[in-house]
1. If I ask for residues that are under 14 Å from Phe202 (Cα atoms), small (Gly, Ala, Ser) and touching a residue at least 60 places away in the same chain (Cβ under 8 Å), which ones from the range 6-54 would you list?
2. Mind listing whichever residues of the range 1-44 are out of contact with any strand residue (DSSP E or B) (no Cβ under 6 Å at 6 or more places or on another chain), closer than 27 Å to Leu103 by Cβ and surrounded by fewer than 19 Cβ atoms within 10 Å (Cβ to Cβ)?
3. Just give me the residues in the range 183-211 being in contact (Cβ under 8 Å) with a residue 60 or more places away in the chain and either crowded, with 18+ Cβ neighbours inside 10 Å or basic (Lys, Arg) (or both), in sequence order.
4. Select from the range 79-117 the residues that are over 19 Å from Arg11 (Cβ atoms) and either small (Gly, Ala, Ser) or modelled with pLDDT of 85 or more (or both) and list them in ascending order.
Amino acid sequence: MACVGMVAVTRMQTASQPPETVAFVEQIYVKPSDRRHRVGSDLLKAAALCAPDGPEVLTKYHDNSRKRVDRVALVVRRHAPQQMPARELYAHAGLKFKRRRRLRVARTGEDAGIAPVLARDASTRDDVEGYMEQEAEVVRTRLHVRGTRRLGPRSNRKIEAVPPKEFLATHRAFMQRIVGCHSPYNGGDGADARAIVKNAEFVLCAYEWSQLPMALPYRGR
């Protein structure tokens, strides 16, 4: 199987009462040769299918009784022309610009304190265009209406959740593509892609595989 796309996700909670669980997209990337094939839609939909207790329930996508995250959110950067395909994906998913929302990391046993998400990294604040957010149910519905392939055994695409350190260790060539995408020499924002992925809670990887060819009949002498 070959990795064709990834999305790094961190679960957070809003400061509202009652708090809502947010799947915050730290990084999303699809190989250029596999774009326009709904890989990004599947990844974003998978992020919207995550449960508050972790991503392992992706294998039970058909179980609608499980509570999912309430919202999907991300931050859009300025001066990054290579983000145009991602912007189209965000528009299809119904993500909209919102006012600054106060979020806190929702990992078990860890509380980073409530702080505006756009102010987490003051060094890149000037590069931030805005914070986008949408209800997870809206994201799942819109991506399904757009024709996203159903995640399951009948699809030739598989999405797995892996720890960030494992992704960095086993997908070095793929990670190098992401680093090049952020490079200022390629029109990127200059962000440290490895640090972004490393600090995420988990990484959802999209793998493509083709069916094995039918065995030719044996023609003995």
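1. The answer is Ala8, Ala23, Ala46, Ala47, Ala48, Gly54.
2. Once the filter is applied, which keeps residues that are out of contact with any strand residue (DSSP E or B) (no Cβ under 6 Å at 6 or more places or on another chain), closer than 27 Å to Leu103 by Cβ and surrounded by fewer than 19 Cβ atoms within 10 Å (Cβ to Cβ), the range 1-44 yields Ser16, Gln17, Pro18.
3. Gly188, Asp189, Ala191, Ala193, Val197, Ala200, Glu201, Phe202, Val203, Leu204, Cys205, Ala206
4. Within the range 79-117, Ala80, Ala86, Arg87, Glu88, Leu89, Tyr90, Ala91, His92, Gly94, Lys96, Phe97 qualify.
The values are calculated or read from the model by the stated rules, or taken from the named source; none is laboratory data. Treat the numbers as computed from the prediction; the structure is a model and nothing was measured. Neighbour counts run over all protein chains shown; Cβ positions are idealised from the backbone, glycine included.
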